[in-house]
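A.B. asks: Below you will find the structure I want to go over with you.
The values are calculated or read from the model by the stated rules, or taken from the named source; none is laboratory data. Keep in mind that what you see is a predicted model, and the values were worked out from it rather than measured. Ideal geometry is used to build each Cβ from the backbone, glycine not excepted, and the neighbour counts take in all protein chains shown.
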């Protein structure tokens with residue numbers, strides 16, 4: 001507001017220095033002449049004029065004393081105007097700098113978020129690939145080791161059932177070297193060439209069906225080591241699905 005008031009005062013004082021067509025002739029202290037140029041704007045520290053070569057500002061300090069007074073030059077107002085201009089310029093630069101900094105920070109944040117999303121996407125893809133690979137390996141292993149079992153439930157426990165197999169069990173050639181289920185009396189230890197090794201009892205884990213002693217079952221299962229049941233050691237299987 002102070003800058004505007006200073007400018008208005010100077011314009012009013014200078015209005016008498018040129019006619020209605022706002023044409024003036026100026027000769028500077030170094031001899032440069034501006035003949036019959038149009039005054040575009042009057043400022044406390046000089047005139048802004050239109051020449052054949054464009055817009056030029058001629059400072060009052062570059063004019064002879066007579067011309068300065070003619071245009072209402074006031075050194076104190078000129079200095080106040082100069083200081084106000086500097087302050088306004090600094091404020092503009094500060095605002096531009098703040099806006100630029102904010103824009104840069106926003107762009108940096110966007111870039112960081114984009115990079116983090118890409119890193120997460122790649123990590124998710126890698127985890128998914130590993131999970132699928134693991135599932136494929138498990139499925140392959142299960143297919144290689146799985147057995148078709150037929151038997152009769154002889155006991156139902158909290159975590160497993162004991163099944164009696166009355167006939168030889170089909171053992172794939174790719175099956176574990178543990179061989180067939182345990183032999184005579186349900187014990188484990190016979191070789192595949194021993195007829196007793198093809199019969200007996202085994203433990204069935206993960207069999208969550210509603211069954212009772214005496215029920216017949218036909219299932220697909222995979223070997224799961226050997227378990228102690230009382231004084232016996234029985235081959236264990238994990239239930240996969242019904243046949």
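A.B. asks: Checking the condition without any contact (Cβ under 8 Å) to a residue 24 or more places away in the chain, assigned to a strand (DSSP E or B) and surrounded by 10 or more Cβ atoms within 10 Å (Cβ to Cβ), which residue from 38, 97, 89, 114 passes?
C.D. replies: Criteria check complete, one pass: 38.
A.B. asks: Just checking, which of 90, 115, 67 is assigned by TED's automatic domain parsing to the domain that holds residue 28 and more than 30 Å from residue 219 (Cα to Cα)?
C.D. replies: 67
A.B. asks: Among the residues of segment 56-77, write down those that are surrounded by fewer than 19 Cβ atoms within 10 Å (Cβ to Cβ) and either touching a strand residue (DSSP E or B) at 6+ places or on another chain (Cβ under 6 Å) or under 16 Å from residue 34 (Cβ atoms) (or both).
C.D. replies: Of everything in segment 56-77, those that are surrounded by fewer than 19 Cβ atoms within 10 Å (Cβ to Cβ) and either touching a strand residue (DSSP E or B) at 6+ places or on another chain (Cβ under 6 Å) or under 16 Å from residue 34 (Cβ atoms) (or both) turn out to be 56, 57, 59, 61, 62, 64, 66, 68, 70.
A.B. asks: Any residue in segment 17-31 that is under 22 Å from residue 80 (Cβ atoms) and at pLDDT below 90?
C.D. replies: Checked against the condition, which is being under 22 Å from residue 80 (Cβ atoms) and at pLDDT below 90, segment 17-31 yields at least one hit.
A.B. asks: I'd like the full set of residues that are in contact with a helix residue (DSSP H, G or I) (Cβ under 6 Å, 6 or more places away or on another chain) and farther than 30 Å from residue 35 by Cβ, limited to segment 81-117.
C.D. replies: Residue satisfying the conditions is 84 alone.
A.B. asks: Then there's this: Can we say residue 144 is modelled with pLDDT under 85 and in a helix (DSSP H, G or I)?
C.D. replies: Criteria met by residue 144.
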